[in-house]
Each structure stands twice: as structure tokens, then as C-alpha cells.
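Written below as C-alpha cells is the structure these notes are about.
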Amino acid sequence: MADAKKLYIKTYGCQMNVYDSERMAEALATSGYEQTQTAEDADMILLNTCHIREKAAEKIYSELGRFKPLKAAKPDLRIGVAGCVAQAEGAEITARQPMVDLVVGPQAYHRLPEMLAKAETGKRVIDTDFPEEDKFARLKGRPAKRGAPAAFLTVQEGCDKFCAFCVVPYTRGAEVSRPVAQIFDEARALIERGVCEITLLGQNVNAYHGAAQGGAWGLAQLIRELAALDGLERLRYTTSHPNDMQDDLIAAHGDCPELMPYLHLPVQSGSDRILKAMNRKHTAAEYVALIERIRAARPDILLSGDFIVGFPGETEADFEDTLALVETIGYGQAYSFKYSARPGTPAAEKPEIDPALADERLQKLQALLNAQQTAAQEAMVGRETTVLFEKKGREPGQLIGKSEHLQAVFAEAPEQLLGQIAKVRVLAAAPNSLRAELLPA
Ligand code: SAH
Ligand code: SF4
Ligand code: F3S
């Protein structure tokens, strides 16, 4: 279409935001917008934002500032803020940045085409409702004909856990699981578009309990039944809470070959005192015992985690407990953060610890986690595994993809293997990638 308007979306935060950005782009395609990769030629700029730490939220305001000259040069340019900052700050955003035309929270995305139509007439629109209607059923879009071979699929959204530091229960709302039939429709549509790996998403995805004929299904049943779909070769899920790791899900890691041997299971801290203050509702020993059961089901599973250092009241002894827990578990990959006080959360009421001390602890923890990741990468050398090739590599003749353990792998491979799963042997390891050779199919 020659007269298609151009949409520039920039995504911050977690995988659910990546998924949401795709849905919003599809929804706006029905309003005549096609995506562009640069803000400069856009008619609509949409920032899909993250509120998890202060830095993430502040970044949005500096990014908006960058668009000022664009708006001055093109008064018809529409600027929208979506995602968790939109939900948390609502009209405050337009107070701080009056050039913002549209603010839309994560539960109102299905209303985006109408909102944009209003914004195009020069009105400012703000919608941070948690509506009764089913957003997913109403999100009508025009999907791209063929996309990447690996895709995200949101099956659960929101969180009822209320960890003392976290904004997610406020920005995403209460836990909601999508009905099984809806998920199957979406999975089948993805497979038709060439997808063979699906990552099921949820803020607490292992608390999934979706309506199905004859009762509700848990995540384990959903995984097993999806695995039976023709053309679906690989399944993953993220993110999980230790307290929702049911026996049938652990068993699936042992006997469902499509479920990949990778698990992101955040623990945040190794100190029982801090876990209690964080409202995590389990002890360090219970987490270790849980990991032992998971490893008994799938010995080669690669574990990933999230950690927060410098939570209010964290002593040196508490931090030592975190290091000890990391030593005990042995992570193949992990994310660690310095605590950031978030307005409206219970932890934000408590006095913060010395930021220099928190920095020091973060560096120590990251050194240990990095060493563990390097060890896990090196342990792959010489092993045979499979790779789903997703894109061309930097060198000619090379393809890049993901191993079963979610490691980046590159290998010399013919282009027709793009989008395919191939057998490889790992030749060498770097901290963030593996070099492999193709094996005969
Ligand atoms: N639903 C996911 C986490 C979402 S946030 C879960 O429960 O695991 C991702 C990670 O960000 C969290 O696991 C935590 O480690 C970190 N995080 C959340 N709030 C934070 C805060 N206020 N300061 C620092 N890190 C935080
Ligand atoms: Fe946040 Fe805790 Fe919910 Fe995860 S489980 S989203 S950390 S409140
Ligand atoms: Fe950020 Fe919202 Fe995801 S706060 S981590 S974008 S759920």
C-alpha cells in the first residue's frame, strides 16, 4: 500500500512486552499502519515500557525527550506510551511530557485502534483500565505471513504474589489464565507460519490454570497437549515461581521430549530472613530441595535465576547466604540486580542500605554467576545437541540459533536450514555463545 502510515515501536522490559508489541503492531496494521525500524520516518511512535526498576522507568522520559524535534518538524506525528510505565504513571506521563498523545496500559491494548483514531483527531487519550472483557479475544490483528521460527505465546498474565519489592502485581493486575482453546488456536496459527518452537509466557506461568472442556488444565497438561501438535518441536515456559512448581510439571521435564532442558526459576536471595521480608513464602532450603527434585527428573537441565542484592536490611551475613546458595545450585545463566525502591511497594517504605555496599555485593555476585555460566558453556564442548537456526551469522555461510539449553550457537550451515532444527557437535565455547559443526541429519 503506497499510502500506508508508518509505525515505530520500541520495546523495553520482559518477553511479555515483546509479545505485546507484536500484538499491538498487528492490531494497528488493521488501521493502516505498517512497521518501520526508525523513529525518523514514523507517523506514530509507540514506546512499550517497563517499570520494574527506577532506571527502566526514567529511560522512557529521556527517550521521549529525543522525539521532541521530530514532533516539532511533523506536528501530525502521534506519540504513545504503552506498557507498565503507562499503567503505573498514567496521566503523570502527559503532565511531564505534554507531547505524548496516547497512554495505554497493558490490559487495554485491544482498544488501541479506537484510541489511535481519536488521537489522530488531535485529542489526548489515556486508558489504564482493567476492563472486564477478554483482551485476548478482542485483540484483532493482521499477523505477518511468515516470521521467526521461534515465538512467544502469552498463556497467563498478572501476578497475585506481591513480593515486597515488585511493581508487577500493580502494573499487570491479578493473575488471569487464557482458556485452553484460545491458546491452541494461536499455537496452530503460529505453526502454520513456520514456527516450531514456542515459549509460553506468564508473569507466573507455572500458576497457569486455564479453562478447558471438562475442567481447568494446569501448565503441565497444557505443555503435554501442545507437544502433541504436528510441527511443534520445542516448548519452553517463563517465568515461574518456586511455590507453583507442581509435581506433574517437574515430571514433564523428565518425560516430555519437546519440553526443553532449561528452567528460569528466580529465587532472589539465599537468606531466609530476606526471603521472608521479600514475602517470597519459601526458605532457601526448600528451594534447594525443589531444584534437587527437578534435576532428578532431568539431570542435564540448565538452571537460570534472578537475584536482588541490597534489599532493605540485607546484612553481610544475608549476602553470604546468597553466595552460598548460588554455589550450591550452580546456575548456567542468571540475572542479578541491585535493589531499586519502587513507589507503592511495601519495601519502598523501609530504609535503604548504603548504595556503594550494594554495588560491591552486586559485583561479587555477578563474578560468581559469570564463572558458573562460563563453566556451563565449557561443559558443552564435545557434546552433541540440536540447534534451531534462526538467522544468518556475521560470517558468510554461518547460521545462528539456539541450543536445547537456550545457548546461542553458530555453525557453518546451508541457508536452507534457516528455521530448521539440526544436529550439531559443539566445538568451542565463549561466555555467551558456542561454536558448533553440523552433523549429518
Ligand atoms: N514474574 C517474574 C519476575 C518479574 S521481574 C518472577 O517472579 O520471577 C524480573 C526480575 O526483576 C525479578 O525476578 C527480580 O529479580 C527483579 N526485580 C523486580 N523488582 C525489582 C526491584 N524493585 N529492584 C530490583 N530488581 C527487581
Ligand atoms: Fe513480581 Fe514476585 Fe510476582 Fe514475580 S512473583 S512478578 S517478583 S510479585
Ligand atoms: Fe517490566 Fe512490566 Fe515486564 S514492569 S518486567 S515490562 S511485566
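Here is a yes/no grid of residues against (1) away from ligand 3 (no atom under 16 Å from the Cβ); (2) not polar (S, T, N, Q):
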position: Lys5; (1), (2): yes, yes
position: Lys10; (1), (2): no, yes
position: Ala29; (1), (2): yes, yes
position: Thr49; (1), (2): no, no
position: Glu54; (1), (2): no, yes
position: Lys59; (1), (2): no, yes
position: Arg66; (1), (2): yes, yes
position: Ala86; (1), (2): no, yes
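Could you count how many residues in the range 72-125 are of a type in the set (Gly, Ala, Ser), free of Cβ contacts under 8 Å to residues at least 24 places away in the same chain and assigned to a helix (DSSP H, G or I)?
To start, the set of residues in the range 72-125 that are of a type in the set (Gly, Ala, Ser) comprises 72-73, 80, 82-83, 86, 88, 90-91, 95, 105, 108, 117, 119, 122.
If we keep only those that are free of Cβ contacts under 8 Å to residues at least 24 places away in the same chain too, we end up with 72-73, 95, 122.
Among the residues that remain, those that are also assigned to a helix (DSSP H, G or I) are: 72-73, 95.
The number of residues fulfilling the criteria is 3.
Among the residues of the range 42-52, are any assigned to a helix (DSSP H, G or I) and either away from ligand 1 (no atom under 16 Å from the Cβ) or out of contact with any Phe, Trp or Tyr (no Cβ under 7 Å at 6 or more places or on another chain) (or both)?
Keep residues of the range 42-52 that are assigned to a helix (DSSP H, G or I), which gives none.
No, the conditions are met nowhere in the range 42-52.
Quick check on the range 112-128: of everything there that is open to solvent by less than 80 Å² (accessible area, probe 1.4 Å) and touching a helix residue (DSSP H, G or I) at 6+ places or on another chain (Cβ under 9 Å), which residue is nearest to Pro169 (Cα to Cα)?
Restricting attention to the range 112-128, the residues satisfying the condition of being open to solvent by less than 80 Å² (accessible area, probe 1.4 Å) are 112-113, 115-117, 119-120, 122, 125-128.
Retained after the next criterion (residues that are touching a helix residue (DSSP H, G or I) at 6+ places or on another chain (Cβ under 9 Å)): 112-113, 115-116, 125-128.
Working: Leu112: 22, Pro113: 26, Met115: 25, Leu116: 27, Val125: 24, Ile126: 20, Asp127: 18, Thr128: 14 Å.
Across the range 112-128, the extreme among qualifying residues is Thr128.
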Exercise for the section: Hey, could you check the range 23-59 for residues that are of a type in the set (A, V, I, L, M) and touching a residue at least 60 places away in the same chain (Cβ under 8 Å) and say which is most open to solvent (accessible area, probe 1.4 Å)? Expected result: Ile52
Practice task
Kindly state which strands (runs of 3 or more DSSP E) lie completely within the range 197-272 and contain at least 1 residues that are more than 16 Å from ligand 1 (Cβ to nearest atom), small (Gly, Ala, Ser) and over 22 Å from the mean Cα position of the chain (by Cα).
Solution key: 209-212, 215-218
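Going through the range 162-176 one residue at a time, which ones are more than 10 Å from ligand 1 (Cβ to nearest atom) and touching an Asp or Glu at 6+ places or on another chain (Cβ under 9 Å)? Don't jump to the end; show me each part of the working.
Step one: list which residues in the range 162-176 are more than 10 Å from ligand 1 (Cβ to nearest atom), which gives 162, 170-171, 173-176.
The answer is Gly173, Ala174, Glu175, Val176.
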Fill in the blank from the handout: The condition of being among the acidic types (Asp, Glu) and touching a residue at least 60 places away in the same chain (Cβ under 8 Å) holds, among Glu327, Glu233, only for Glu233
Fill in the blank from the handout: The condition of being within 16 Å of ligand 2 (Cβ to nearest atom), open to solvent by less than 50 Å² (accessible area, probe 1.4 Å) and more than 30 Å from Ser269 (Cα to Cα) holds, among Gln107, Gln156, Gln87, only for Gln107
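Looking at the range 146-161, which of its residues are assigned to a loop (DSSP other than H, G, I, E, B) and within 14 Å of ligand 1 (Cβ to nearest atom)? Step through it out loud before you land on a result.
The first filter runs over the range 146-161 and keeps only residues assigned to a loop (DSSP other than H, G, I, E, B), leaving 146-149, 155, 158-161.
Once the filter is applied, which keeps residues that are assigned to a loop (DSSP other than H, G, I, E, B) and within 14 Å of ligand 1 (Cβ to nearest atom), the range 146-161 yields Val155, Gly158, Cys159, Asp160, Lys161.
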Handout entry: Residues that are of a type in the set (S, T, N, Q), open to solvent by less than 60 Å² (accessible area, probe 1.4 Å) and more than 27 Å from Gly419 (Cβ to Cβ), drawn from the range 339-393
Key = Ser340, Thr345, Gln372, Gln373, Thr374
Practice task
Among the numbered conditions (1) touching a strand residue (DSSP E or B) at 6+ places or on another chain (Cβ under 8 Å); (2) within 16 Å of ligand 2 (Cβ to nearest atom); (3) over 19 Å from Ala25 (Cβ atoms); (4) at pLDDT 95 or above, tell me where Ala57 comes up short.
Solution key: (4)
Fill in the blank from the handout: Checked the range 307-337 for anything over 16 Å from Leu357 (Cβ atoms), under 19 Å from the mean Cα position of the chain (by Cα) and open to solvent by less than 20 Å² (accessible area, probe 1.4 Å); matches are Tyr331, Gly332
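The values are calculated or read from the model by the stated rules, or taken from the named source; none is laboratory data. It should be emphasised that the depicted structure is a prediction, and the values quoted were computed from it without experimental measurement. Note that each Cβ is placed from the backbone with ideal geometry, even for glycine, and that neighbours are counted across all protein chains shown. All accessible areas refer to the heavy atoms of the entire protein, side chains included, with ligands and DNA or RNA removed. Shrake-Rupley method; radii C 1.70, N 1.55, O 1.52, S 1.80 Å.
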